[in-house]
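The values are calculated or read from the model by the stated rules, or taken from the named source; none is laboratory data. Note that the coordinates shown come from a computational prediction; the quantities given were computed from them, not determined experimentally. Here the Cβ positions follow ideal geometry from the backbone for every residue, glycine too, while neighbour counts run over all protein chains shown.
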Amino acid sequence: MFPHRRQRGTTRQRTDPMAAAHQPRGKETADRPQAHHGNPHRSSSLRSRALNPGHGKPLPPARIGAMTRPRAWRQRALGLLFALASGASGAQQIPAPASAPSTSPLPEIAAPSVAAAPLPVSPSAQRLYERARGQLLQVRTLLKGQDSQASVGSGFFVSDDGLIVTNYHVVSQVALQPERYRLTYTRVDGREGALQLLGFDAIHDLALVKALPPNGPSRKSGVSVVDAPGEPLAFRAANDALAQGERIYSLGNPLDVGFAVLEGNYNGLVERSFYPSIFFGGALNSGMSGGPALDEAGRVVGVNVATRRDGQQVSFLVPAPFAQALVERARSAAPITAPVYPQLTAQLLAHQEAVVQRFVQQPWRSAGHPHYLIPVPQEDFMRCWGRSTPADTKGLEFERSDCEMDTQIFVSGSLLTGSLGVRHEAYDGRKLGWMRFTERYSASFRNESFGRRNPKEFTAPQCSERFVDRDGLPLRAVLCLSAYKRLAGLYDLSVLVATLDQARAGAQGRLDARGVSFDNAMKLASHYLQGYGVKATP
C-alpha cells in the first residue's frame, strides 16, 4: 500500500497513514524517503483497491506462491478458519511454530511570480538561536569511500562529551547498511567530523549518535571528546507541561541551505495517535528532522520529525521525554557497527504486541446496517472515513467505511510497518437484476489483491480460502500472510470477507495488519471474523 521513492533531505513529510518514528498517517518525515499513503477521502471502491493500489494481480481464491518457512503456520491458519466455522474463537491458543519467536523530501512547489516577504524574526527567536547555535549540527549520510551524500538531517548536542540526538530515519541507512554508509556532521561554524551510532528508538523515530573529534577517538582512552561551545541543550522537565498556544522555536538546517530557526505554537498532542506526538503549528522543512524544538527558556520540548504536505503550519514533534529516555539508556553503549535488524525486530515485536492487545480489547462499533453486524473499530487510535452513493442512484448502491491508524513505524526508505486498517462496503443491488448484482459483487471480491511486494523484504503471500458460518451468516473468507525476511517473526496479514446470504445485497470487508507476530495475526483474524453476524429480528 505504500510505494516509496528514494529520500533526499530529512524532515519526515507525512503525506496522508504508516511510520513515523511512530508516525501519524498523512504526514511525511522531514528527511526520510518519501512514503506515499492513501488519501482518507479517496473515492475508489472496495473492488478497485488493494494493499498496493495499482500493483499486483487479482487475488485468486486459492493460495499464491510458497513461503520459505515451514508449513506449520499454514496449518494453523487453516485451523483458525475451521475453528471459526465450528464456533471456536481461541485461535491464539494453538501452539506457536518452533521457528517463530519508523528521509523523504518535502514536495517541490513552484515559486510564485512575486516572492512573498519573509516573516519577521522575533527578538525571542534571535536570542534563542544565538544561544543554541553552537549545539546544532547537520547530520549527513555519505556513501563510504566518497563524499556523495545519500541524505541529510539535523541534530543537537545533549552532553559535553559529544552525545547528539537526531531521528532514526535520518541515520537509518547507516543503521541497516553500515558496510555501505557512514555518518558525518557539520556544525554551524563549519567544523566537521565523523559520527558513531550508539542507540535508536525506531518506535519514536529517535537515534543517539556520538561526535568524534576531527582526529578520531583518543588512542589511549578510546574516548571521543568534542568541544561543544556553551552548555549542551537541556530537556524541559516532563512534569512541566506545555500550555496550549505556548511559543515553540524549531531549529535545524532546512533544505540543506543553512541553519535556521522557525517559530510556531504548541497545539496539544495529536488526537488518536497511538503514541504521544506534539502538534506543532509551524512549518518544518526537509532537512530539519532531528533538530530541537525549544521553549522560551531554551529547553528542549521536542524533536522535529514530520510535517503535513496537504496543509500549512501543521508539523509534528517527538515529545522530549522519549529522547531523554534514549539518552539515559544508550549513552554508555558501544558503537553499533553491524546491521540493527535484531534490535529493530525486538522493538517492532514489542510495538505490535501493544497495538494488538489494545485493539482486540475494544468492542466493535456498529456499522448501522439494517441487516448485518459489520465490524467497525473504535476511533481511539484510528481515523475512520465514510462515503455512500447518492440517494437517487439508479444502479448499485453502497456505503463505505475506511478506518486506519495514523501511527506507522519507519523501518527504511522502502518499508513502513506497525499499523492496522479495517474497511468495508455494504452493497444494495435491489435496483439490479440478481445476475448483474452477482457478477459485480463477485468481481469486487476477486479484484482484491495482496499487492506486489518487495521480494528482498517479504516472502510471497500465502493465502487460504474457506467458507465460514458465523452464527447462521455464511461468509466467504480469505486469509493471507506474508513473512518479513529480515525481521524474523513478523508478518503482514490480510483477511477478506464477503457475506453470502442474500441474492441482491451483501457486505464485503477487509482487515490489514502490518508487522505482527503469527499468534497476533491469528488473534486479529479471529477477532475480525467474529465481528460479523446478522442482526436479531425485533
Looking at this structure, is Ala513 surrounded by fewer than 24 Cβ atoms within 10 Å (Cβ to Cβ), under 20 Å from the mean Cα position of the chain (by Cα) and hydrophobic (A, V, I, L, M, F, W, C)? no
All conditions in (1) under 16 Å from His169 (Cβ atoms); (2) assigned to a loop (DSSP other than H, G, I, E, B); (3) among the polar types (S, T, N, Q) are true of Gln347 except (2)
Between a first residue in region 292-305 that is closer than 16 Å to Gly245 by Cβ and a second residue that is hydrophobic (A, V, I, L, M, F, W, C) and in a loop (DSSP other than H, G, I, E, B), which pairs have beta carbons less than 7 Å apart while being 6 or more apart in sequence or on different chains? Val301/Leu242
Among (1) crowded, with 20+ Cβ neighbours inside 10 Å; (2) at pLDDT below 95, the one test that Val257 misses: (1)
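Let's see how each residue does on (1) under 15 Å from the mean Cα position of the chain (by Cα); (2) modelled with pLDDT of 95 or more; (3) surrounded by fewer than 20 Cβ atoms within 10 Å (Cβ to Cβ):
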site	(1), (2), (3)
Val376	no, yes, no
Arg383	yes, no, yes
Lys394	no, no, yes
Val411	yes, yes, no
Taking into account only those residues within region 333-351 that are surrounded by 15 or more Cβ atoms within 10 Å (Cβ to Cβ), out of contact with any helix residue (DSSP H, G or I) (no Cβ under 6 Å at 6 or more places or on another chain) and of a type in the set (S, T, N, Q), which is farthest from Pro178 (Cα to Cα)? Thr345
Output the qualifying pairs, or none if there are none: Cβ atoms under 9 angstrom, residues six or more apart or on different chains, first residue in region 200-223 and over 26 Å from Ala323 (Cα atoms), second residue among the basic types (Lys, Arg) and at pLDDT 95 or above. none
Looking only at region 486-524, which residues are under 18 Å from His351 (Cα atoms), part of a strand (DSSP E or B) and of a type outside the set (Val, Ile, Thr)? Tyr491, Asp492, Leu493, Asp512, Ala513, Arg514, Gly515
Hey, could you check region 424-474 for residues that are among the small types (Gly, Ala, Ser) and surrounded by fewer than 13 Cβ atoms within 10 Å (Cβ to Cβ) and say which is nearest to Thr345 (Cα to Cα)? Ala443
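One line per residue, one yes/no per condition, for (1) at pLDDT 95 or above; (2) charged (D, E, K, R):
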{"position": "Trp434", "(1), (2)": "no, no"}
{"position": "Thr438", "(1), (2)": "no, no"}
{"position": "Glu448", "(1), (2)": "no, yes"}
{"position": "Arg452", "(1), (2)": "no, yes"}
{"position": "Val478", "(1), (2)": "yes, no"}
{"position": "Ser482", "(1), (2)": "yes, no"}
{"position": "Ser494", "(1), (2)": "yes, no"}
{"position": "Val497", "(1), (2)": "yes, no"}
Quick one: which of Leu183, Leu198 is farther than 19 Å from Ser277 by Cβ, surrounded by 23 or more Cβ atoms within 10 Å (Cβ to Cβ), out of contact with any Asp or Glu (no Cβ under 6 Å at 6 or more places or on another chain) and at pLDDT 95 or above? Leu183
Over region 265-282, the set of residues buried (at least 20 other Cβ atoms within 10 Å of the Cβ) and farther than 22 Å from Ile409 by Cα is Tyr266, Gly282
Are any residues in region 371-425 in contact with a strand residue (DSSP E or B) (Cβ under 8 Å, 6 or more places away or on another chain), more than 30 Å from Arg470 (Cβ to Cβ) and of a type in the set (Gly, Ala, Ser), and if so, which ones? Gly413, Ser414
